[in-house]
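Heads up, the thing below is written out as structure tokens.
The values are calculated or read from the model by the stated rules, or taken from the named source; none is laboratory data. The model shown is predicted, which means the values in this text are computed figures rather than measured ones. Virtual Cβ from ideal backbone geometry, glycine too; neighbours counted across all protein chains shown.
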Amino acid sequence: MVQTISVIGAGTMGNGIAHVFAQNNFSVTLVDVNPAQLEKAIQTISKNLDRQITKGTLTEEQKTTTLGNIKTETSIANGVKNAELIVEAATENTELKLKIFKQLDETAPVDCILATNTSSISITKIAAVTKRPSLVIGMHFMNPVPIMKLVEVINGYATKKEVTETIVELSKQLGKIPCVVNDYPGFIANRILMPMINEAIYSLYEGIAGVEEIDTIMKLGMAHPMGPLQLADFIGLDVCHSILKVLHDGFGNPKYAPCPLLTNMVNAGYLGAKTREGFYTYSPGSKELVVSSNFK
């Protein structure tokens, strides 16, 4: 059974993935070319473990064990040399992911499973740049990883049944609920979610309702825990824009084209909570809402 994990990328998703594997007693190597990002990731994991302790779901001893299960590395070659499973969690950029997978294929053990946390990019396309397409699969965690239960498991065209079964079982070991889907643009989660977010942005763009009204209607009327515009801010407006472009390019259907307002906001650097300005304004260092932005 798989026990040694390498996670590529120490951003929000990467540190969350490392966290859940380490907390469930897997040996984890977190790899990022930026030492400062690795340091920040460990600090984030430590703070998130402290939150679990405060809630009574974790002990101090378990926190110590979890952090002890994680080591960091700036070299991909060194970071994956003993891996049985690699989960790539780099930026949602096709060329970057293809470059990383070529390198992983050259440096990882020949029987190592290569998984990607992509939320929209074709698993088949990623697998095609390797010499082991049958060992390549999608393992799409949701943000925040330590809290969200879903793992979308995406089969590429050549993914072996045994690899899918391994990833499903590993997801269950993490306390997650895996759902297996096939490799088409956006898979299931974003194929359904992103058009809804885009339509909410169009509703704002066309002056049908304001930001707070749109989100309140979806929260109170459809029992969504977060409105689509605030959710877009949380995901990152640049990420939403990129996924919509993948859907638009993949299906050739104009219904997936990003709303011009979304495009303008991304071009202007209003990317949501991470830049503190999106459809809402956020307090420094947090994703807590302060006031609605200037959309009325």
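Quick notes on this one:
- Gly186 vs. criteria touching a Leu at 6+ places or on another chain (Cβ under 9 Å), in contact (Cβ under 8 Å) with a residue 40 or more places away in the chain and closer than 16 Å to Gly138 by Cβ: yes
- If you go through region 21-60 and keep only what is buried (at least 24 other Cβ atoms within 10 Å of the Cβ) and touching a Pro at 6+ places or on another chain (Cβ under 8 Å), you end up with just Gln23.
- Matching residues in region 222-242 - criterion: being assigned to a loop (DSSP other than H, G, I, E, B) and without any contact (Cβ under 8 Å) to a residue 12 or more places away in the chain: Ala223, His224, Pro225, Met226
- Condition met for Thr124 (touching a strand residue (DSSP E or B) at 6+ places or on another chain (Cβ under 7 Å), of a type in the set (Ser, Thr, Tyr) and within 30 Å of Lys255 (Cβ to Cβ)): no
- Residue pairs whose Cβ atoms lie under 6 Å apart, sitting 6 or more positions apart in sequence or on different chains, and linking a residue in region 41-56 that is under 19 Å from Val31 (Cβ atoms) to a partner that is at pLDDT 95 or above and not in a helix (DSSP H, G or I), are Ala41/Ala10.
- Some residue of region 87-109 being among the hydrophobic types (A, V, I, L, M, F, W, C) and in contact with a Gly (Cβ under 7 Å, 6 or more places away or on another chain): yes
- Residues located in region 203-255, provided they are under 16 Å from the mean Cα position of the chain (by Cα) and of a type in the set (Gly, Ala, Ser): Ala232, Gly236, Ser242
- Residues of region 257-296 classified as closer than 24 Å to Ile208 by Cα, modelled with pLDDT under 90 and either of a type in the set (Asp, Glu) or surrounded by 12 or more Cβ atoms within 10 Å (Cβ to Cβ) (or both), total: 5
- The residues on offer are Lys102, Lys40, Lys55, Lys97, and the sole one that is among the charged types (D, E, K, R), more than 26 Å from Glu165 (Cα to Cα) and under 21 Å from the mean Cα position of the chain (by Cα) is Lys40.
- Residue list for region 122-140, filter: touching a Gly at 6+ places or on another chain (Cβ under 9 Å) and buried (at least 23 other Cβ atoms within 10 Å of the Cβ): Ile123, Ile126, Ala127, Val136, Ile137, Gly138
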